[in-house]
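A short worksheet on the structure shown next.
Every read-out reported here was derived from the displayed coordinates using simple, explicitly stated rules and does not represent laboratory data. Small disclaimer: the values here were computed from a predicted structure and weren't measured. Here the Cβ positions follow ideal geometry from the backbone for every residue, glycine too, while neighbour counts run over all protein chains shown.
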Amino acid sequence: MQTVPLLAVPSQKIKTTLADQIVELDIYQRRYGLFVDVYVNSVLEIGAVICQNLNRIIRSAYLNRNAGFSGDFVFNDTQGTADPVYTGLGTRYELLYLSADELATLGFDA
């Protein structure tokens, strides 16, 4: 499990390499929640996914448009069970990347 560093701002783009994949995350606050778009190698893999506590972002292979992303993301509330809001990003709410092996160990399909 790897923590993706975030800032407590209403909109941010993060570009990083995870499991030999160039990943860009667009994380943005809207009136009805925090959302994320996931790009791999500049291709949108999944977009406008609502961010919820301990709910995987990509969740299933059929949601992954190109079926090429290895792993998944999950937000974790370190102080309870609330869904994330931008004001707590990087402190209360952490974004975790789980590799395909970690997902398998937890009993999830990668």
Inset, instruction - State, to one decimal in nm, how far the label point of VAL43 lies from the label point of SER99, with both points 7 Å from Cα in the Cβ direction. - result: 2.3
Inset, instruction - Could you please rank SER99, SER11, placing first whichever residue has the fewest other Cβ atoms within 10 Å of its Cβ? - result: SER11, SER99
Legend entry - Among GLY47, GLY33, ILE57 - extreme Cα towards positive end, dipole of the stretch 2-105, charges at beta-carbon: GLY33
Legend entry - Distance (nanometres) between label positions extended 7 Å along Cα→Cβ at SER70 and ARG31: 4.2
Inset, instruction - Take the chain, drop everything but the C-alpha atoms, weight them equally and run the Debye formula without solvent; then report log10 I(q)/I(0) at 0.10, 0.14, 0.15 Å⁻¹ to two decimals. - result: -0.25, -0.50, -0.58
